[in-house]
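The values are calculated or read from the model by the stated rules, or taken from the named source; none is laboratory data. What you are looking at is a predicted structure, and each value in this text was computed from that prediction instead of being measured. Using ideal geometry, Cβ is built from the backbone for each residue, glycine included, and neighbour counts are taken over all protein chains shown.
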Amino acid sequence: MNDQLPDELICWQQLESTASEVFRLFGYREVRLPVVEKTELFARSIGQATDIVEKEMYTFQGRNGDQLSLRPEGTAGVVRAMLQHGLLHNAIQRIWYTGPMFRHERPQKGRYRQFHQIGVEAYGMAEADLDVEVISLTWQLWKQLGLTGAQLEINTLGTAESRKIYRSALVDFYQSNRDSLDEDSLRRLEKNPLRILDSKNAAVIELNRNAPDILDYLDDESSDHFQRVQLLLDKIGISYIRNPKLVRGLDYYSRTVFEWTTDKLGAQSAICGGGRYDDLVEKLGGKPAPAAGFAIGMERLIELMKIEQLCQAEKRQDIYIVQTSDTALNLGTTLAMELRDAGFSVTGNVGDTSFKSQLKKANRCNARLALIIGDDELQTSTISVKKLDDGEQFSVSRDNLLAEASKYLAKTE
């Protein structure tokens, strides 16, 4: 788990503000959820046989004996909140969330045990148009950020019925090729054979080239749904590749699944993943409600933004007030509040510090102007203004300070 320090947060805040605005444009509203939920929620939604539930969750016993877990992902909590507050009853909901998630896995670049996601969830719409809406939302976010290094991969998992038939075909295929399976794949063969398609083992990757394709096992409705997704993506100009090995790591997905990947982050290639999960609401105790969404790994996306040099520079401090006496301090405090009321960022010197040291502080905080209040300025009701970029200094009357400061700062934004 790692700290996020002020200099590093500039890029985070840029991502959060851009995403918030894009979500607003698509009609999504924010929800904020607790970090701790009952363990049962994740076991029922993500899947008891998944790595997340079996190995990675931070789970503990509450004082009343409940099994509790730090949330490893956001979707299950959103569904729980929608059901608990009755927000899915004959209603369409478009929701977004952000915050820390927790998984006890091997830390590596762009992946930590406390990590952050930003994601959307949409409920009450079964049409393929919704799948394309959530994909196009991510596409719009990449455009607003200026991101160029992301590739869309899509696949379908069909319905539970067609997936059951496909699962049986996969098991037969892998059973006849057991010698090529590593230990992890053999374990998955018993519990979740679709996850073998996602194996990173070289021998299994080679074997998977000949694995059955789910397209051959889809029911007509799932096939039509996936064709509609591809048609709409083509119409709006979002390029994609179909990855038949894309299954996602959570059991609740159905029909369309997708990932945005990059070749600029090494082994950790996925920066966003999502899809449709039409059975999840019912699985968690609600009435059937179709749903789709995605989650973005913020650490990885920010790494990519840094590589593509998309992080904006920190906005400079506008004004530093240099004051050389107690009387000047009183005036400086009043001036600072007036300037902040006008929208300027202002730092006033604190403590008994020499004039020279105060000017050094003004430069260190990267201010654009230093306002100097000394004995001469107090006697003449003026303020000395120093431009810290070029050292030019001039005096203005106390009454004209706001206008002069506004004029200069507007030019140098």
Report summary line: When segment 72-118 is checked residue by residue, the ones that are touching a Gly at 6+ places or on another chain (Cβ under 8 Å), touching a residue at least 40 places away in the same chain (Cβ under 8 Å) and assigned to a loop (DSSP other than H, G, I, E, B) are GLY74, LEU88, LYS109, GLY110
Query raised in the report: CYS272: under 19 Å from the mean Cα position of the chain (by Cα) and closer than 25 Å to LEU233 by Cα, yes or no?
Result: yes
Query raised in the report: Of the conditions (1) under 25 Å from TRP260 (Cβ atoms); (2) small (Gly, Ala, Ser); (3) in a helix (DSSP H, G or I), SER162 fails just one. Which one is it?
Result: (1)
**Report entry** Filter result for VAL35 (in contact (Cβ under 8 Å) with a residue 60 or more places away in the chain, surrounded by 12 or more Cβ atoms within 10 Å (Cβ to Cβ) and of a type outside the set (Lys, Arg))
**Finding:** yes
Query raised in the report: Is at least one residue of segment 181-204 of a type in the set (Val, Ile, Thr) and under 20 Å from ARG242 (Cβ atoms)?
Result: yes
Requested in this report: Please go through segment 330-357 and pick out each residue that is assigned to a helix (DSSP H, G or I) and either without any contact (Cβ under 8 Å) to a residue 12 or more places away in the chain or under 40 Å from the mean Cα position of the chain (by Cα) (or both).
Outcome: ASN330, THR333, THR334, LEU335, ALA336, MET337, GLU338, LEU339, ARG340, ASP341, LYS356, SER357
**Report entry** The one condition in (1) at pLDDT below 90; (2) surrounded by fewer than 23 Cβ atoms within 10 Å (Cβ to Cβ); (3) within 17 Å of THR138 (Cβ to Cβ); (4) touching a Leu at 6+ places or on another chain (Cβ under 6 Å) that TYR253 fails to fulfil
**Finding:** (2)
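Let's see how each residue does on (1) assigned to a helix (DSSP H, G or I); (2) of a type in the set (Ser, Thr, Tyr):
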residue: PRO212; (1), (2): no, no
residue: GLN227; (1), (2): yes, no
residue: LYS235; (1), (2): yes, no
residue: SER239; (1), (2): no, yes
residue: LEU246; (1), (2): no, no
Query raised in the report: So LYS164 clears everything in (1) outside the structural domain of THR262 (by TED's automatic domain parsing); (2) modelled with pLDDT of 90 or more except one condition, right? Which one?
Result: (2)
Query raised in the report: Any residue at all in segment 173-182 that is in contact with a Pro (Cβ under 7 Å, 6 or more places away or on another chain), part of a helix (DSSP H, G or I), surrounded by fewer than 18 Cβ atoms within 10 Å (Cβ to Cβ) and outside the structural domain of GLY293 (by TED's automatic domain parsing)?
Result: yes
Query raised in the report: PHE60 fails exactly one of the following numbered conditions: (1) under 21 Å from GLY275 (Cβ atoms); (2) of a type outside the set (Gly, Ala, Ser); (3) without any contact (Cβ under 8 Å) to a residue 12 or more places away in the chain. What is the number of that condition?
Result: (1)
